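Asks: Pasting a structure here, questions to come.
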Amino acid sequence: MMQKYLETKEEYKDCILFYRLGDFYEMFFDDAKIVSKELELTLTGKSCGLEERAPMCGVPFHAVDGYLDKLISRGYKVAICEQVEDPKLAKGLVKREVVRVATPGTNLNMQALDESRNNYLLCVVYTTNAYGVSYVDVTTGDYYVTEFDSENKLLDEIGKTMPSEIICNDSFLVSGVDLEDLRGRLKIVVSAIDPWHFDEDRCVDSLCRHFHVGSLDGLGLADYSIGVTAAGAIMQYLEETQKISLDHITTIKPYVPNSYMLLDRATRRNLELCETMREKAKRGSLFWVLDKTRTAMGARKLRNSIEQPLLDKDQINRRLDAIETLNNNAISREELREYLSPIYDLERLISKISYRSANPKDLLAFRQSLAMLPPIKYLLNSFEGDKLLASYGNDLDDMADICSLITDSIDEDAPLTVREGGMIKDGYNEEIDKLRSAKTDGKKWLAGLLEEEKEKTGIKNLKIKYNKVFGYYLEVTNSFKDLVPEDWMRKQTLANAERYTTPKLKELEDTILGAEDKLYTLEYNVFCEVRDTIYGEIGRIQKSAKIIAGVDMLASLAVVAEQNNYVRPEIRKKGLIDIKNGRHPVVEKMIKNDMFVANDTYLDNDKHRISIITGPNMAGKSTYMRQTALIVLMAQIGSFVPADKAVIGIVDRIFTRVGASDDLASGQSTFMVEMTEVANILRNATKDSLIILDEIGRGTSTFDGLGIAWSVIEHIADKKLLGAKTLFATHYHELTELEGKLDSVDNYCIAVKEQGDDIIFLRKIIKGGADKSYGIQVAKLAGVPENVLKRAREIVDELSNNDIAEKAKDIAVEYEIPDYEYGIEQQTKKPRKIRKKTESEIESEKMGQISLFDGYQPNVKTDDIIYELHDLDLSTTTPIDAMNILYKMQTKLRERM
Ligand SMILES: Nc1ncnc2c1ncn2[C@@H]1O[C@H](COP(=O)(O)OP(=O)(O)OP(=O)(O)O)[C@@H](O)[C@H]1O
């Protein structure tokens, strides 16, 4: 990061300010001011436009660099105000405040401090055939253990958690698991740690020690032996590095992926769940549409829920009920959201408290948040009939005791720093009160003592004076010397006067002179006591924070549903997906003037399992398929959905293969990536999955592509092999032939209207297949020169004379009795093939000929041309070249025929 130290006030202008306090930075926005004492400057912060919820938020020290980079890369000027040891002052003992300013130019960890994102440290332990995984959320202290039996599942999990650091054993490092794809998206540091940390006994020991249990049985981790090793290694690593406070890790849970829908990386990316594909930004993602949360905790919960849709009908319905209840009681819902707004990020505050770095302002912010809990509890309890909301209300601890502890102890105008006093409220601690009055009332006390002594002794001109050497003393002129009582102690003799002290004066002197130092120390100690008392209640606070997160998420989903006219989906255990007038939740927001055209979807587990969708480029095929997947996913996170009506049978997984992949970093070709994703889908999908396939096969030669696409559909359609519900968009119109051949396939197309040479996109999905691609019309819309378009039309006309569609009509569908189990071929038996004979085969047989599809008949006339055509890679050839080549071939063919 480029940084420089600044000297003048002018240079701070327009900066976003970070003020470092202990292990945290405070961040200042609009109207917030900070006064740097040493430099006598008043610094004004500026909003960074990150939709922050509070004018000031604690930023953990370890994460600040990433956050700064994020701001800097967006072009903000950032100032960091921190205390550094100044060699010019008192040999480095005195600290003074300086400001560093970072300017645009660097780009490190872009998401380290996204408030809505969890910040994980993950550990992987690899043994011969399994991966033990454990991760801890640095912010919330949540600590999970799990295990995976395949690299793909492991990568999906890492892709979901996106940890900032991964620690692993040596075996994992050499296991060949490729993290490059993930690293491209986030700076993940992978550190192999001391093998000693993976010793099973040590791992179990460290967990038992931390959670104060005799054995792991008490933690419910008995089934996770490798996961436990990973968890134990994390614990030891944290103990050693002290990267985060271990104190706020209060629970450890097995993470059971089976209770959530597993979304692979490709699907999360293709559906743009939490960030968009191109910009990797929140805007334009599903999260962006659904996030109307009022707290950072709620936003994190929402993000997690989007990435982990539910599989249990009752759980989904409980969320849907809650949303319905909230929307039926809109006034209470809005009141609830009002109360949520001022709630700070309790989870971050907890981590500050457990770091012992929370300052008095943090505690006041904490109190302000806690003060919102009783009305929230009251409102939640008022939703009596609703299971989820009522249980939240019941379980929410309003923490009145902690709230009043802070109210009673911390001064409302307490400073940010903890060493300068002024933190503890009057009346909370007697000793502090005394010391404070000693500081302010000292003069009064001295005057009172003087009057008292004057009266007692009769010395009329008695005075109390002070100097640095003798402190306070009573001064008696020589003429009154005889009246001095015996118990006065002489301090100094002058020419015309004597100076004395008395036990009472000494005591007052001690009180007055030591008051400030004592006061600051005592205030600090009392503050720490209060902070520690709160810290002792961390489990209660964590529980309430989780409830607040849940309530905030539901309220957000409810508001979004109301604002966008979503409906409650009817959830079924599995089977039917019937959506009436469904809309794409994100695209409809991006299109102005309510121009989005709604469409129906109907898929079941029987005769309507596969929809083949054809239509021109730009017609809206991808949008339609993604919208279906998103509606199903939204239903399964328990959200209302953008449609007029929706029946959603729960799907166990959603798989997508959409568009060209931008996986250049992975070192694989586009087609290879496409096929890898298809292979993954065919191997992992089940009959209860939803598959979205967008133009598969287009990355290779036409014939290979069509062949692959065709056989993939056959494979999916076969109930014994797969039988999943599938939306399949394609430009291979030949695939529409499958409708008649496979009884679970339906053809759909997206309607367009032709007007001369132009087309108008109607965006409406209708039954039937499209017969053209309108590629040339779309090319015209895109501004391709007219001469190229003209030539293209000529070539298309000529090519269509040899239309392969005709041949496709004759391709028979193969019905295989599978010797497959979950996609793994049993080598011992050969698949038996039963084929329906096609009309032309029957014709050929009648005429005593051998069909082209039964056995290959060499054709000396055309073979070389067909091979040439096969080898033509349209993805790497320019369209004009391709057309020329095709044209030449066609001419050759015609000549030979
Ligand atoms: N239902 C709709 N209503 C209004 N606009 C739509 C609709 N569906 C799609 N669009 C608009 O059309 C554009 C193109 O849609 P989409 O990318 O889904 O087309 P496509 O058929 O998949 O194209 P291609 O075959 O070239 O990939 C979208 O960016 C969107 O703006």
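Asks: Just grab the label-to-label distance for VAL469 and LEU416, each label 7 Å out from Cα along the Cβ direction, in nm (one decimal).
Replies: The modelled label-to-label distance comes out at 4.4 nm.
Asks: While we're here: Shape of the stretch 275-426 from its Cα gyration tensor (a ≥ b ≥ c, root eigenvalues): rounded if a/c is under 1.5, otherwise prolate when a/b > b/c, or oblate?
Replies: Values: a/c = 2.58, a/b = 1.50, b/c = 1.73.
Since a/c reaches 1.5 but b/c is at least a/b, the shape of the stretch 275-426 is classed as oblate.
Asks: Only counting other Cβ atoms within 10 Å, I'd like ARG609, ARG209 sorted with the fewest neighbours first. Before the final figure, lay out each step's value.
Replies: Working: ARG609 23, ARG209 11.
Ordered from fewest to most neighbouring Cβ atoms within 10 Å, ARG609, ARG209 come out as ARG209, ARG609.
Asks: Okay, next question. Any idea what the dipole of the stretch 499-589 comes to, in debye rounded to 20, about its Cα centre with Lys/Arg Cβ at +1 and Asp/Glu Cβ at -1? Could you put the intermediate results ahead of the total?
Replies: Numbers: 15 positive and 14 negative charges, 174 e Å.
I would put it at about 840 debye.
Asks: To the nearest 0.05, what FRET efficiency results for ILE331 and GLU452 with a Förster distance of 51 Å applied to their C-beta separation?
Replies: Values: r = 67 Å, r/R0 = 1.30.
The pair ILE331/GLU452 has a calculated efficiency of 0.15.
Asks: Report the gain in length on full extension from ALA400 to ASP604: 0.36 nm times residue separation, minus Cα-Cα distance, nm rounded to one decimal. If you can, show how the numbers build up before the last one.
Replies: Details: separation 204, 0.36 × 204 = 73.44 nm, distance 5.28 nm.
Taking ALA400 through ASP604 to full extension adds about 68.2 nm, to one decimal.
Asks: Separate question: By how many nm would the segment from THR407 to PHE480 grow when fully extended, if each residue of separation counts as 0.36 nm and the alpha-carbon distance is taken off? Can you show the working numbers first?
Replies: Details: separation 73, 0.36 × 73 = 26.28 nm, distance 5.44 nm.
Result: 20.8 nm gained on full extension.
Asks: Here's something else I'd like to know. Whole Å is fine, so just give me how far the alpha carbon centre of the stretch 579-637 lies from that of the stretch 120-170.
Replies: Here the two parts' Cα centres lie 34 Å apart.
Asks: Say the cut-off is 19 Å between C-alpha atoms; which of LYS361/LYS543; LYS607/LYS687; LYS580/LYS621; LYS313/LYS720 go over it?
Replies: Working: LYS361/LYS543 23 Å; LYS607/LYS687 13 Å; LYS580/LYS621 17 Å; LYS313/LYS720 26 Å.
Beyond 19 Å between Cα atoms: LYS361/LYS543; LYS313/LYS720.
Asks: Taking K and R as +1 and D and E as -1, what net charge do the other residues with C-beta under 15 Å from the C-beta of ARG499 add up to? Walk me through the numbers before you get to the answer.
Replies: On the way: positive: LYS463, LYS465, LYS468, LYS481, ARG490, LYS491, LYS506; negative: GLU453, GLU475, GLU498, GLU509.
Once all neighbours under 15 Å are counted, the net charge is +3.
Asks: Another question, then. In nm, to one decimal, how far is the modelled label at ASN129 from the one at LYS387, with both set 7 Å along Cα→Cβ?
Replies: It is 3.9 nm.
Asks: Another one. Based on the alpha carbon coordinates of the stretch 459-539, what radius of gyration and maximum Cα-Cα distance (Dmax) apply, in Å?
Replies: 20.8, 73
Asks: If you rank PHE671, PHE470 by fewest surrounding Cβ atoms within 10 Å, what's the result? The partial results should precede the final answer.
Replies: Numbers: PHE671 20, PHE470 13.
Going from least to most buried by this count: PHE470, PHE671.
Asks: Give the total of Lys-Lys pairs in the stretch 416-476 with Cα-Cα distances below 21 Å; include a pair only if its members are 8 or more places apart or on different chains.
Replies: Qualifying lysine pairs in the stretch 416-476: 22.
Asks: With 10 angstrom as the radius, rank MET235, MET162 by how many other C-beta atoms surround their C-beta, starting from the fewest. All intermediate terms of the calculation are to be shown ahead of the outcome.
Replies: On the way: MET235 26, MET162 18.
By the 10 Å Cβ count, ascending: MET162, MET235.
Asks: Let me ask something else. Can you give the FRET efficiency for LYS434 and ARG490, using 1/(1 + (r/R0)^6), R0 = 30 Å, r = Cβ-Cβ distance, to the nearest 0.05? Could the numbers behind the result be given before it?
Replies: On the way: r = 30 Å, r/R0 = 0.99.
The calculated FRET efficiency here is 0.50.
Asks: While we're on this one: So if we plug the beta-carbon distance of LEU246 and LYS719 into 1/(1 + (r/R0)^6) with R0 = 56 Å, what FRET efficiency do we get, rounded to 0.05? Before the final figure, lay out the partial values.
Replies: On the way: r = 52 Å, r/R0 = 0.94.
Between LEU246 and LYS719 the formula returns 0.60.
Read the figures in this text as sums done on the coordinates, not as results from a lab. The shown structure was predicted, so the numbers you read here are calculated from the model rather than taken from an experiment. All Cβ positions, glycine included, derive from the backbone under ideal geometry; neighbour counts span all protein chains shown.
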